[in-house]
Structure formats: structure tokens, C-alpha cells
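Novice: Okay, here's the structure, questions in a sec.
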DNA sequence: TCCACACGATACCGCTCGGTATCACTAGGG
DNA sequence: CCCTAGTGATACCGAGCGGTATCGTGTGGA
């Protein structure tokens with residue numbers, strides 16, 4: 001391990017900015033934002049504090065950039081299920097739920113980055129908080145659209161219910177109150193999208 | 001006149017320990033744990049840092065004591081619905097949901113103390129964290145019992161679903177993605193407890 | 001060849017943190 | 001009466017924080 005560190009330029013290291021973001025992501029996720037100092041991020045990224053402040057105005061801006069990356073990951077999951085199941089909104093919703101359910105073991109005991117960051121940043125004007133709220137609003141809009149396409153009778157209510165269970169599954173995994181949360185989550189979401197099947201002959205009915 | 005309840009600072013102050021806990025509760029809830037220093041708590045409690053350390057070994061122990069108080073509040077809500085609707089588990093569950101739903105506006109943008117504290121304390125051996133996990137496990141057990149009494153066919157799955165939506169409603173209120181979360185939450189829980197009404201004359205579900 | 005420029009390293013600043021030591025005061029019980 | 005115990009006030013400690021200043025260094029393009 002030390003031998004790889006020895007080589008500064010012969011080994012193709014990622015550019016500093018990427019290394020900083022990678023290190024920040026891992027430390028923030030594992031320890032929380034306020035527990036992690038800029039110095040610790042620099043060390044994990046194999047660079048220095050000065051380099052961080054050359055790429056990010058403040059630590060708060062670094063946090064916001066991290067949140068933008070996480071939000072982009074979720075957006076990518078949305079895009080993926082949409083191209084994977086074109087015209088089949090029911091499968092799209094289940095794909096999203098599976099994306100969350102499969103991510104539960106990885107974040108067990110540390111939970112969702114959005115929820116944790118929100119808890120650590122009570123200031124509503126914090127740049128990272130604005131990123132989160134904008135992302136969540138956008139995500140809700142897309143989910144309502146899917147529920148509408150799926151022919152659910154009250155799409156906004158269904159989207160709210162799905163959102164609640166997705167968030168709640170992550171929280172309950174974090175505090176250890178519900179076991180097999182992933183399986184339970186999938187069954188719940190299946191129940192939601194199947195509860196009000198569109199009447200037979202509906203143009204948007206699922207094909208299988 | 002409210003003077004009986006009011007606590008003029010000079011005349012009839014609460015004992016220091018109570019004032020400290022009251023001040024800590026408000027500051028922790030509003031600002032988060034790590035943002036609030038012991039000095040700030042002392043000032044709000046109209047006492048000094050030394051007095052705090054006479055009553056609590058460390059700041060972490062003060063946090064844990066706060067969590068015990070919050071957990072006791074939730075336990076009291078459980079007890080209240082059980083005595084308020086004796087032998088009517090469906091109403092008990094709805095009463096719990098109403099307890100959460102009515103609390104949503106008060107904690108909007110700051111969320112549930114348990115979730116926030118968990119986010120700020122990644123160390124699983126932290127005393128406050130153990131209080132939370134023990135409380136959540138106990139709460140789940142009680143909820144499963146209610147679902148069993150209500151005759152829901154899969155009480156553990158139903159309890160998981162209810163837990164998810166209760167937690168999720170608080171998270172979604174905090175990040176502002178779902179409006180009218182309280183009303184939506186109540187409709188969802190009503191749907192859960194009404195979805196599988198036990199057939200008339202059906203035998204009781206098995207109790208674990 | 002030279003220069004610009006991003007990067008690395010280190011020292012430093014002011015501030016706040018959790019926690020401790022010390023001393024004076026006051027109320028209550030024998 | 002005094003003795004004790006809890007309280008208030010203040011000063012202090014070492015450590016870590018976010019952020020800055022300064023100087024050295026290696027490399028690539030002209």
C-alpha cells in the first residue's frame with residue numbers, strides 16, 4: 001500500500017478535484033459533515049488543505065457540490081428505469097424502489113446522505129440545503145408523472161405514499177427497527193402500484 | 001391567567017437540572033447537537049457551564065438524557081391511545097398516526113429528533129444512539145402487537161409499512177417535498193388498517 | 001530555453017469547543 | 001451557632017476548527 005503512495009506522478013492519479021470529492025464523499029457519508037475537518041479530507045485525498053481551497057470557495061460549497069453529485073446519481077437512476085422500461089410506468093416505479101432497496105445494506109447504520117445532511121444543516125439558506133430541496137421537489141414531480149402514467153387514480157397521493165415508504169425504509173434501516181427492510185419495501189411498493197389496477201382495456205395497461 | 005405556568009426567572013425558577021434539560025432540548029432541536037455548545041445551553045438555562053457538569057458527566061450524557069425524555073414522550077403517546085381506545089386496535093393505530101401527523105407542523109424544516117440525532121452520531125456505541133435504537137425496537141414491538149390485535153393478516157409487514165410511512169412523512173416534511181403531509185399520512189394509514197379487514201367470523205391471527 | 005501556473009508543504013490566525021480548577025455565596029439542618 | 005452541600009461566576013486549558021499567507025517545486029507549452 002505504501003508503495004503505491006510513493007509514486008506521485010507515474011501512477012495515473014485522478015486530478016486533485018476528483019480526489020477531493022471522492023474523499024469528501026466517503027468521509028461525509030461515514031462520519032457526518034461536521035465531524036470531518038478539511039484537513040482530514042485533504043489527507044484522505046492525498047493532497048493539502050490549500051489545494052481544496054483552490055477548488056472550492058468554502059467547506060460549505062464542497063458539501064453542496066457533494067450533494068449535487070449524489071442528486072445526479074439519483075437522477076441517473078430515474079433516467080435508467082425510464083429507458084429500461086419505456087412506456088411501462090409500473091415497472092419504472094418498481095425499478096426505482098429496487099434501486100433504493102438494493103442500496104439499503106450499503107448505507108445501513110448511516111442512512112441516506114440527504115436526510116443526514118439536512119439534519120446537520122438547519123440553516124435553510126445553506127447552499128447544500130437548497131440543492132437537496134430542489135432535488136427532492138424535482139424527484140417528486142417526476143414520480144407524480146410516473147403515477148399518472150401508471151393510471152393510479154390519485155397520482156399525487158400515490159407519489160406521496162411511495163415517497164414516504166422509500167424515505168422511511170432508509171430511516172428504519174438506519175435505526176435498526178425493521179429487519180429485511182428491502183424485501184418489505186418491495187412488497188409495499190408492489191402493493192401500491194397494483195392496488196388500483198387500471199380497468200381492463202386501458203391503453204396504458206402493462207404488458208407481460 | 002398563565003402566571004401559574006409561567007416561570008419568571010427570579011421568583012420560582014425550576015431546579016437547575018430541569019432548566020438545563022429544557023434549554024438543551026430547545027437548542028438541540030432547533031440547531032442540532034454539534035452546533036450547540038455547552039456554554040450556550042448554560043446561558044439559555046440561566047446557569048453556568050459548571051452547573052451542567054455537576055448534573056451530567058459529559059455533553060454526550062446530556063444528549064442521551066434528552067433522548068430518554070423524547071422517547072418517554074412517544075411512549076406516553078402509545079399509552080394514551082391504548083387507554084383512550086381500549087380493545088380497539090384500529091383506532092389505536094390511527095391515534096398514533098394522528099399524534100405524528102399533528103406534530104408535523106411543529107417540527108417542519110427541523111424534523112424528528114431521533115432521525116436528526118442519529119444523523120449526527122455515527123458512532124453506534126454512543127449512549128444516545130443506544131437509547132434511540134432500544135426505543136425504536138420497543139416501539140416496533142408494540143406496533144406489531146397492535147397490528148396483530150387488529151387482525152391484519154401479516155402484522156409484521158403491516159407494522160413495517162406503518163413505520164415507514166410515519167418516518168417518511170417526517171422526512172418529507174423536513175425537506176419540503178410533500179405538502180399536506182399530515183392529511184396524506186392519515187389517509188395512507190387509514191388505507192393500511194382498512195385494506196385487509198378480517199372476514200366476519202374469522203379466527204384471530206396467530207400471535208408470536 | 002524560459003516562463004506561467006497549478007500543485008505541495010508548512011506555518012499561522014482567530015475562534016470555539018468540551019471540560020476543569022478555583023473561589024465566593026447562600027440556604028438549611030444539627 | 002456553625003457546617004455542609006449545592007450553586008453562581010470567572011478564568012483557564014489543550015485541541016481542533018475553517019480559512020489564509022508564503023514559499024518551494026515540478027511540468028508542459030511556446
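The values are calculated or read from the model by the stated rules, or taken from the named source; none is laboratory data. Because the structure is a prediction, the values reported are computed rather than measured. Reconstructed Cβ throughout: ideal geometry from the backbone, glycine too, with neighbour counts over all protein chains shown.
Novice: Report, ordered by the first and then the second residue, all pairs with beta carbons closer than 6 Å, sequence separation of six or more or different chains, a first member in the range B:45-63 that is within 9 Å of residue B:17 (Cα to Cα), and a second member that is modelled with pLDDT under 90 and crowded, with 16+ Cβ neighbours inside 10 Å.
Specialist: Listed pairs, sorted by first residue: B:51/B:16; B:55/B:17.
Novice: I need the full set of residues from the range A:27-78 which are more than 23 Å from residue A:167 (Cβ to Cβ) and away from DNA strand D (no atom under 11 Å from the Cβ), in order please.
Specialist: Hits for the range A:27-78 are A:44, A:45, A:46, A:47, A:55, A:65.
Novice: Right, here's the next one. Do we have residue A:125 as surrounded by fewer than 17 Cβ atoms within 10 Å (Cβ to Cβ), touching a residue at least 60 places away in the same chain (Cβ under 8 Å) and within 14 Å of another protein chain (Cβ to nearest Cβ) here?
Specialist: No; evaluated as a whole, the condition is false for this residue.
Novice: Filter the range B:16-28 for residues that are within 14 Å of DNA strand C (Cβ to nearest atom), under 21 Å from the mean Cα position of the chain (by Cα) and away from chain A (no Cβ under 14 Å) and give the result.
Specialist: Listed by number, the residues that qualify are B:20, B:23, B:24.
Novice: Just to be sure I understand, how many residues within the range B:30-67 are within 21 Å of the chain's Cα centre (by Cα) and surrounded by fewer than 17 Cβ atoms within 10 Å (Cβ to Cβ)?
Specialist: Adding up the residues that qualify gives 5.
Novice: If you go through the range B:29-41 one residue at a time, do you hit one that is more than 11 Å from DNA strand C (Cβ to nearest atom), assigned to a helix (DSSP H, G or I) and within 14 Å of chain A (Cβ to nearest Cβ)?
Specialist: Within the range B:29-41 (the criterion being more than 11 Å from DNA strand C (Cβ to nearest atom), assigned to a helix (DSSP H, G or I) and within 14 Å of chain A (Cβ to nearest Cβ)), the answer is yes, since at least one residue qualifies.
Novice: Scanning the range B:136-150 for residues that are within 9 Å of another protein chain (Cβ to nearest Cβ) and buried (at least 18 other Cβ atoms within 10 Å of the Cβ), which turns out farthest from residue A:168 (Cα to Cα)?
Specialist: B:139
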